[in-house]
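Colleague: Please read through the structure below; I'll follow up with questions.
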C-alpha cells in the first residue's frame, strides 16, 4: 500500500499564496501513517507577465508525475492574453490531463450563513464536465468584424466516463448515508441536438444502474429549483458551461465562494482547488478566507485515501471537513467575506485547533 505521496503545489496569484500556505501547514501537522511531499511549481498570470508563459512545460510535467495536484486561486484581471482572455492555467491542466469530472460539493448545515430562508439541510454534488462543452474552443474561437463563433463539443467518449463517474459517486454517497442514490442530468435537450445526444448517453448509463434512480432537468429550471428546493437534490451532472454557472449559484447558497471547494478528476490525475478567484483587490491584506482551500485539501486527502486504500487519509479528510464546518457554525472566527474581522491566519488556526480537540 502506498503511503508516500508527491503533491504538485501551484501557489497561484493574488490571494493564492496567502491561503495555500496555512493549508499546507495544516496538512503537514495532520499527517499520521502517510506522508505528503510538496513540490511547488510556477504557473499563473503573474508568471505569464514575467516570462510570457502561463503554464511552463516543466510545471505540467511535475503535475503529470504527481499523485495529486493542489492548486490555489489563479488569474489576474489585469493580465490577459493578446486576444483579451484571462490567464487560466487551471483550465489548461484540465484539458492536458483529461480531468473530465469537475466535482463541486454544496453543503449547508445548521449554523451556516446562507441567503436561504429554509432551515433544511442541503447536501448535493454538482459534477461539471471540465474538458469540452462550450469551453472546447477556448482561445480559438472565430471572430470577425461582423460575428463571433465558439464551438460546443460533446463526445461519446468523455460523456460516458462522466456519467459512469456520476453514478459511482451517487452509489458511494448512498452507502455512506450522504445521499439517496439519485442522479439528475442537467441539459437543454429541448433546444439543442448536442444536448439531446448528451441526454441519450446519460440514459444509457442510467440503465446500467438499476439500484440507483435518475431523472432530467433543463438548466434554466434547475437554476430556479436550486434556489427554491436545493435539499431535494443528490448528484447533478452537466455540461462545462452550465456547470460553471450553476457551481457559483451553489457557492452562493453556501454563503459565498470563500467556503466553496472543488476538484477536477480524471482517470489518472486530479486537481484540487477553491472555486473562487485570486481577489487581487484584497491580496496582501491577510484577510482572505482560507476555508475553500482547506476544504479542497480535504477532498484531496479523501480522493488519495480512497484511491490507495489509506484509511488514515480518509479519516483525516473527514476530520478536516468537520473542523471547518464547526468553525463556521460557531461563528466566533470569521473573515470579512463572512461578516467578520478576522485574518486568514486566525481562521486557519481555528480550524487547526478544532482538529486537535
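Colleague: Got a sec? Which of 127, 91 is over 30 Å from residue 333 (Cβ atoms), crowded, with 18+ Cβ neighbours inside 10 Å, out of contact with any strand residue (DSSP E or B) (no Cβ under 9 Å at 6 or more places or on another chain) and in contact (Cβ under 8 Å) with a residue 12 or more places away in the chain? Show your work before the answer.
Modeller: Numbers: 127 fails: out of contact with any strand residue (DSSP E or B) (no Cβ under 9 Å at 6 or more places or on another chain).
So the residue among 127, 91 that is over 30 Å from residue 333 (Cβ atoms), crowded, with 18+ Cβ neighbours inside 10 Å, out of contact with any strand residue (DSSP E or B) (no Cβ under 9 Å at 6 or more places or on another chain) and in contact (Cβ under 8 Å) with a residue 12 or more places away in the chain is 91.
Colleague: Kindly evaluate residue 175 against the criterion of being touching a strand residue (DSSP E or B) at 6+ places or on another chain (Cβ under 6 Å) and not assigned by TED's automatic domain parsing to the domain that holds residue 292.
Modeller: On the way: touching a strand residue (DSSP E or B) at 6+ places or on another chain (Cβ under 6 Å): no; not assigned by TED's automatic domain parsing to the domain that holds residue 292: yes.
So residue 175 fails the test.
Colleague: Within the stretch 75-89, identify whether any single residue is in a helix (DSSP H, G or I) and at pLDDT below 90, and answer yes or no.
Modeller: So the first thing to find is which residues in the stretch 75-89 are in a helix (DSSP H, G or I), and the list is 89.
Now restrict to residues that are at pLDDT below 90: 89.
Yes, some residue in the stretch 75-89 is in a helix (DSSP H, G or I) and at pLDDT below 90.
Colleague: Taking the stretch 91-108 as the search range and keeping residues that are over 30 Å from residue 1 (Cα atoms) and not in a strand (DSSP E or B), which one is farthest from the chain's Cα centre (by Cα)? Reasoning before the result, please.
Modeller: We begin by selecting, within the stretch 91-108, every residue over 30 Å from residue 1 (Cα atoms); these are 91-92, 106-108.
Restricting the remaining residues to those that are not in a strand (DSSP E or B) gives 91-92.
On the way: 91: 12, 92: 15 Å.
Step by step, filter the stretch 91-108, then rank; the result is 92.
Colleague: Now for a separate question. Of the residues in the stretch 315-345, how many are in a helix (DSSP H, G or I), without any contact (Cβ under 8 Å) to a residue 40 or more places away in the chain and surrounded by fewer than 18 Cβ atoms within 10 Å (Cβ to Cβ)?
Modeller: 4
Residues checked against (1) surrounded by fewer than 21 Cβ atoms within 10 Å (Cβ to Cβ); (2) in contact (Cβ under 8 Å) with a residue 40 or more places away in the chain:
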{"position": "245", "(1), (2)": "yes, no"}
{"position": "254", "(1), (2)": "no, yes"}
{"position": "260", "(1), (2)": "no, yes"}
{"position": "266", "(1), (2)": "yes, yes"}
{"position": "270", "(1), (2)": "no, yes"}
{"position": "275", "(1), (2)": "no, yes"}
{"position": "279", "(1), (2)": "no, yes"}
{"position": "294", "(1), (2)": "no, yes"}
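Colleague: Follow-up question, since we're still on this one. State all residues of the stretch 298-314 that are surrounded by fewer than 22 Cβ atoms within 10 Å (Cβ to Cβ), touching a residue at least 24 places away in the same chain (Cβ under 8 Å) and on the phi < 0 side of the Ramachandran plot; if no residue qualifies, say none.
Modeller: So in the stretch 298-314, the residues surrounded by fewer than 22 Cβ atoms within 10 Å (Cβ to Cβ) come out as 302-303, 305-312, 314.
From what is left, the residues that are touching a residue at least 24 places away in the same chain (Cβ under 8 Å) are 303, 308-310, 312.
Result: 303, 308, 310, 312.
Colleague: Does the stretch 137-153 include one or more residues that are surrounded by 21 or more Cβ atoms within 10 Å (Cβ to Cβ), in the same structural domain as residue 248 (by TED's automatic domain parsing) and under 16 Å from residue 243 (Cα atoms)?
Modeller: The initial filter retains those residues of the stretch 137-153 that are surrounded by 21 or more Cβ atoms within 10 Å (Cβ to Cβ), namely none.
No, the stretch 137-153 contains no residue that is surrounded by 21 or more Cβ atoms within 10 Å (Cβ to Cβ), in the same structural domain as residue 248 (by TED's automatic domain parsing) and under 16 Å from residue 243 (Cα atoms).
Colleague: Between 166, 204, 196, which is at pLDDT 95 or above, under 25 Å from residue 251 (Cβ atoms) and not in a strand (DSSP E or B)?
Modeller: Exactly one residue qualifies, and that residue is 166.
Colleague: Also, I was wondering about something else. Restricting to the stretch 45-74, count the residues that are in contact (Cβ under 8 Å) with a residue 60 or more places away in the chain, farther than 25 Å from residue 350 by Cβ and in contact with a helix residue (DSSP H, G or I) (Cβ under 7 Å, 6 or more places away or on another chain). I'd like the intermediate steps shown before the answer.
Modeller: Step one: of the stretch 45-74, the residues in contact (Cβ under 8 Å) with a residue 60 or more places away in the chain are 45, 63-64, 66-74.
From what's left, farther than 25 Å from residue 350 by Cβ: 45, 63-64, 66-69, 74.
Going one step further and asking which of them are in contact with a helix residue (DSSP H, G or I) (Cβ under 7 Å, 6 or more places away or on another chain), we end up with 63-64, 67-69, 74.
Result for the stretch 45-74: 6.
Colleague: I would also like to ask the following. Are there any strands (runs of 3 or more DSSP E) wholly within the stretch 226-307 with 2 or more residues that are assigned by TED's automatic domain parsing to the domain that holds residue 8 and touching a strand residue (DSSP E or B) at 6+ places or on another chain (Cβ under 8 Å), and if so which? Let's see the steps before the verdict.
Modeller: On the way: elements: 235-238, 261-265, 270-274.
Here the list reads 261-265, 270-274.
Colleague: I need the full set of residues from the stretch 191-217 which are under 30 Å from residue 121 (Cβ atoms), buried (at least 16 other Cβ atoms within 10 Å of the Cβ) and out of contact with any helix residue (DSSP H, G or I) (no Cβ under 8 Å at 6 or more places or on another chain), in order please.
Modeller: 199
Colleague: Which residues, counting only those in the stretch 156-187, are loosely packed, with under 15 Cβ neighbours inside 10 Å, over 19 Å from the mean Cα position of the chain (by Cα) and more than 15 Å from residue 133 (Cα to Cα)?
Modeller: Within the stretch 156-187, 175, 176, 177, 180 qualify.
The values are calculated or read from the model by the stated rules, or taken from the named source; none is laboratory data. Everything numeric here is computed off the predicted structure, so don't read it as measured data. Neighbour counts run over all protein chains shown; Cβ positions are idealised from the backbone, glycine included.
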